[in-house]
Amino acid sequence: SVGEYMVKVKVSDEDAKKYWTDNQKQFERPDAVNVEYVVFSPDLFKNVEPSEEDIKTFYEQNKGRFQAPEERRASHILIDFGQGKDKAKAKAEEIFKQVKADPGSAKEGGDLGWFTKGMMVPAFEDAVFNAKEGDIVGPVESEFGFHIISVTGVKATAAKPLADVRAEIVKLYQDQESQKRFAEEADNFTNMVYEQSDSLKSVIEKYNLKPVTLNNVTAEGPSDAAQKKFLNQHVMENLFGEECLVEKRNTQAIEVASNTLVAARVTAYQPAHIAKFEDVRADILSLLTTERALDAAEKDGQALLAKIKSGEAKDVKFDKAVTVSRSQPLGWDFNLINSLMRVPAKELPAYIGVRTP
């Protein structure tokens, strides 16, 4: 592998400097800015704690949101399709007549306990929820067989007790209040950003915002998806406009998502340039060292390959054989897989050498 050759390879500063001089295009850097931005959203106002009176009022005004769903209890006798559907249906109809004549015998069926809509298969559920307590219905066909059903209990829809939904109410109240406060303050935030355009300090202090700073951001925006959500193309166009770039003014407050405003400013501007040698020296040294180590490894590898092909090298130990393909490369390099696949089957066994990164 290349690792053992890395320590043998020597690359001088002169070599690195020559590479930098000969490959200037590789070191072109586009316009870039250092950015400071803030996000204004309802999340800023979610810490408000409702009073007990607020919670009770919210509960009374929104009781419809806290309904316990209707529940039913049923027992059933199931005749499966083991002896065929026709026989199962005939047997189910016979049992249904017996149960209707003697409702007490329905108690021998399997009790399914209490359940709400959505918990049973549709045909069974429809039959139960369209019946009244004490009704016996059937035969009802489902994927399991034919059911004779006794509806043994009905719990109507009812409001959940306040104690059971208190935590939910607190969250709903906070969501509601945060949206309300955001709507009330959004114009003020927008005006402050515009009227005090030489800094974001005033809105940071007023709303206790946490500014985010990013360095060397190009006009394409950040590569990180989470950051790009806030510094989208509209924001970046503003930042690279004359007011922000030259006059160092804030952007306007820009809506980057529903109920999400961003204001940003350029703190430093780096015009397009060729990266200084000192800034890329370490990268170039690493690149040249790796390339020269690969050259040395390839040279020795080709020599060994020639000996293997001629039969001179008889004591070479290969790793254990594995099966690979383009669809199952087992992590092997793409070029290596392709080189393997290009070897004509009629020439096997064959020996090849492939340079990989």
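The values are calculated or read from the model by the stated rules, or taken from the named source; none is laboratory data. All figures in this text were calculated on a predicted structure; none of them were measured in a lab. With ideal geometry, Cβ positions are generated from the backbone for all residues, glycine too; neighbour counts draw on all protein chains shown. The protein model used for the area step is the full one, side chains on, heavy atoms only, and it has no ligands, DNA or RNA in it. Shrake-Rupley method; radii C 1.70, N 1.55, O 1.52, S 1.80 Å.
Do the sum for the chain: with -39,500 (n - 2.57) for every DSSP H run of n ≥ 4, divided by all residues, what is the mean residue ellipticity at 222 nm, to the nearest 500 deg cm²/dmol? Display every interim value, and only then the final one.
Working: 12 runs with 147 residues, N = 357.
My calculation for the chain gives -13000 deg cm²/dmol from helical runs alone.
What does the C-alpha gyration tensor say about the overall shape of the range 15-78? Classify as rounded when a/c is under 1.5, otherwise prolate if a/b is larger than b/c, or oblate.
oblate
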Long-range amide H partners of residue 112, meaning residues 5 or more apart or on another chain whose placed amide H is closer than 5 Å, are 74, 75, 76
For residue 160, the aspartates and glutamates lying under 17 Å Cα to Cα, once residues fewer than eight places off in the same chain are dropped, come out as 60, 70, 71, 168
Taking Cα atoms, the helix 85-101 axis meets the longest principal axis of the chain at an angle in degrees (rounded to 10) of 40
Heavy-atom accessible area with a 1.4 angstrom probe orders 119, 6, most exposed first, as 119, 6
Interchain or sequence-distant (5+) residues whose placed amide H lies within less than 5 Å of the amide H of residue 267 are 34, 35, 36
Computed ³J(HN,Hα) along the range 200-215: with the Karplus parameters 6.51/-1.76/1.60, θ = phi - 60°, integer Hz and x for glycine or proline, the list is 9, 4, 5, 6, 4, 6, 5, 10, 6, 7, 10, x, 10, 10, 10, 10
Rounded to one decimal in Å, the inverse mean reciprocal Cα-Cα distance for the range 70-180, i.e. its Kirkwood radius, is 16.0
Per 10 angstrom bin, beginning at 0 and ending with the bin that holds the maximum distance, the Cα pairs of the chain fall in percents of 4, 13, 11, 10, 12, 14, 15, 13, 6, 1, 0
For residue 57 the rounded accessible area (nearest 10 Å², probe 1.4 Å, non-protein molecules ignored) is 60
Residue span residue 198 to residue 14: 0.36 nm per residue of separation minus Cα-Cα distance leaves a gain in nm of 61.6 nm
The base-10 log of I(q)/I(0) that the Debye equation returns for the range 1-132 at q = 0.12, 0.14, 0.22, 0.23 Å⁻¹, one scatterer per C-alpha, is -0.82, -0.96, -1.38, -1.42
For the residue 219, residue 119 Cβ pair and Förster radius 56 Å, calculated FRET efficiency rounded to 0.05 is 0.55
Quick shape summary for the range 110-257, equivalent ellipsoid via Cα gyration tensor, semi-axes whole Å in descending order, reads 61, 22, 11
For the range 121-128, Karplus-derived ³J(HN,Hα) couplings (6.51, -1.76, 1.60; θ = phi - 60°; whole Hz; x for glycine and proline) come out as 5, x, 4, 5, 4, 4, 5, 5
Between residue 207 and residue 273, the two model label points (7 Å from Cα along the beta-carbon direction) sit apart by a distance in nm of 3.4
Per the rule of 0.36 nm per residue minus the C-alpha distance, extending residue 287 to residue 61 adds in nm 74.5 nm
As straight-line cross-link partners of residue 97, the qualifying lysines (C-alpha separation under 22 Å, not fewer than 8 residues apart within one chain) are 85, 87, 89, 107, 132
Cα-based Rg/(2.2 N^0.38 Å) for the range 236-354, rounded to two decimals, is 2.03
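Convex hull volume of the Cα atoms in the range 182-262, per residue, in Å³?
96
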Heads up, the range 155-194 by the C-alpha gyration tensor (a ≥ b ≥ c square roots of eigenvalues; a/c under 1.5 rounded, else a/b over b/c prolate, else oblate) looks prolate
By accessible area (1.4 Å), largest first, 86, 80 order as 86, 80
Computed over the chain: longest principal axis from alpha-carbon atoms vs helix 52-61 long axis, angle to nearest 10 degrees, is 60
The ³J(HN,Hα) series, computed from each phi in the range 181-189 with the Karplus coefficients 6.51, -1.76 and 1.60 at θ = phi - 60°, rounded to the nearest Hz and given as x for glycine or proline, is 5, 4, 4, 5, 9, 4, 5, 5, 4
With residue 122 itself left out, Lys, Arg at +1 and Asp, Glu at -1 over residues whose Cβ is under 12 Å from its Cβ give -3
Applying the gyration tensor rule to the Cα atoms of the range 263-329 (axes a ≥ b ≥ c; rounded if a/c under 1.5, else prolate if a/b exceeds b/c, else oblate), the class is oblate
Over 26 Å (Cα to Cα) among 180/210; 10/299; 171/228; 8/317 -> 171/228
Largest-first ranking of 189, 81 by accessible area, probe 1.4 Å, whole protein assembly kept, is 81, 189
